Amino acid sequence: MAKYTGPACRQCRREGVKLFSKGERCYTEKCALNRRSTAPGQHGAARKKIGEYGLQLREKQKAKRYYGIQEKQFRNYFAKAEVKEGVTGENLLTMIECRLDNVVFRMGLGESRRDARQLIVHGHFQVNGKKADIPSMMLKVGDVVSVKETSRKSEKIKSLVENLDNRQAPAWIAVDKENVTATVIALPKREDIDFPFEEHLIVELYSK
């Protein structure tokens with residue numbers, strides 16, 4: 001599958017909002033959006049009138065980039081959310097929140113979702129005691145995410161574990177800091193998602 005390999009901060013500038021793809025750096029003055037808030041490119045500083053379609057497109061792009069998902073996969077999530085009972089936009093966000101890379105990030109074992117994906121691909125995590133190296137793996141209520149015993153000796157993992165006290169996991173994830181595990185105790189609700197999405201715009205875009 002194709003993936004974006006360009007500068008992460010360029011995406012934040014394009015969307016005009018912090019997507020937190022660089023972890024702690026995004027909270028400092030080094031953040032590219034703090035230093036240069038205009039969109040990238042020669043005409044990035046120019047004021048442009050955005051129509052209805054443009055607003056919908058930007059919201060979809062913002063959601064994709066926030067979670068680090070490519071177009072085909074994102075559209076597949078929407079198709080599944082559309083046929084599920086409930087509000088399509090909320091179904092979509094709930095589904096994406098249940099990805100393994102997002103759960104690892106939410107439990108505090110990743111400085112960003114990009115960082116969490118890299119750790120997962122390198123085989124540092126298990127789900128229900130079994131190897132889990134696919135970032136897009138969907139978790140369900142009752143699933144337990146843990147760090148492999150051999151991976152706990154990694155300096156990177158040690159550093160993240162030591163910092164767990166400074167991270168607040170959402171209510172739908174129960175983190176056992178002593179054993180370095182996280183259990184999905186409920187499906188995330190809309191109020192559990194702290195990013196200011198306007199998911200109805202995404203639904204309108206894909207419903208055209």
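The values are calculated or read from the model by the stated rules, or taken from the named source; none is laboratory data. The shown structure was predicted, so the numbers you read here are calculated from the model rather than taken from an experiment. Cβ sites come from the backbone with ideal geometry, for glycine too, and all protein chains shown count toward neighbours.
Per the conditions (1) out of contact with any Cys (no Cβ under 9 Å at 6 or more places or on another chain); (2) at pLDDT below 95, the sole criterion not satisfied by S112 is (1).
Applying the criterion of being in a helix (DSSP H, G or I) and of a type in the set (V, I, T) to the residues of segment 78-109, the residue that is farthest from the chain's Cα centre (by Cα) is V83. So which residues in segment 131-147 are among the acidic types (D, E) and closer than 13 Å to A182 by Cβ? Once the filter is applied, which keeps residues that are among the acidic types (D, E) and closer than 13 Å to A182 by Cβ, segment 131-147 yields only D143. Somewhere in segment 172-180, is a residue surrounded by 18 or more Cβ atoms within 10 Å (Cβ to Cβ) and either of a type in the set (F, W, Y) or under 20 Å from Q73 (Cα atoms) (or both)? Yes, the conditions are met somewhere in segment 172-180. Restricting the first member to segment 171-183 and to residues that are in the same structural domain as K158 (by TED's automatic domain parsing), and the second to residues that are basic (K, R) and surrounded by fewer than 19 Cβ atoms within 10 Å (Cβ to Cβ), the beta-carbon pairs closer than 9 Å and six or more apart or on different chains are A171/K189; W172/K189; V175/R167; V180/R152.
Within segment 110-141, restricting attention to residues that are assigned to a loop (DSSP other than H, G, I, E, B), within 17 Å of the chain's Cα centre (by Cα) and polar (S, T, N, Q), the residue that is surrounded by the fewest Cβ atoms within 10 Å (Cβ to Cβ) is S136. Pairs under 6 Å by beta carbon, first residue more than 16 Å from R99 (Cα to Cα) in segment 56-73, partner modelled with pLDDT under 95 and not in a helix (DSSP H, G or I), six or more apart or different chains? Note: pairs meeting the criteria are E59/E198. Answer yes if at least one residue in segment 74-94 is closer than 15 Å to I173 by Cβ and touching a residue at least 12 places away in the same chain (Cβ under 8 Å), and no otherwise. Yes, some residue in segment 74-94 is closer than 15 Å to I173 by Cβ and touching a residue at least 12 places away in the same chain (Cβ under 8 Å). Checked against (1) touching a Pro at 6+ places or on another chain (Cβ under 9 Å); (2) outside any helix (DSSP H, G or I); (3) modelled with pLDDT of 60 or more, P40 passes all but condition (3).
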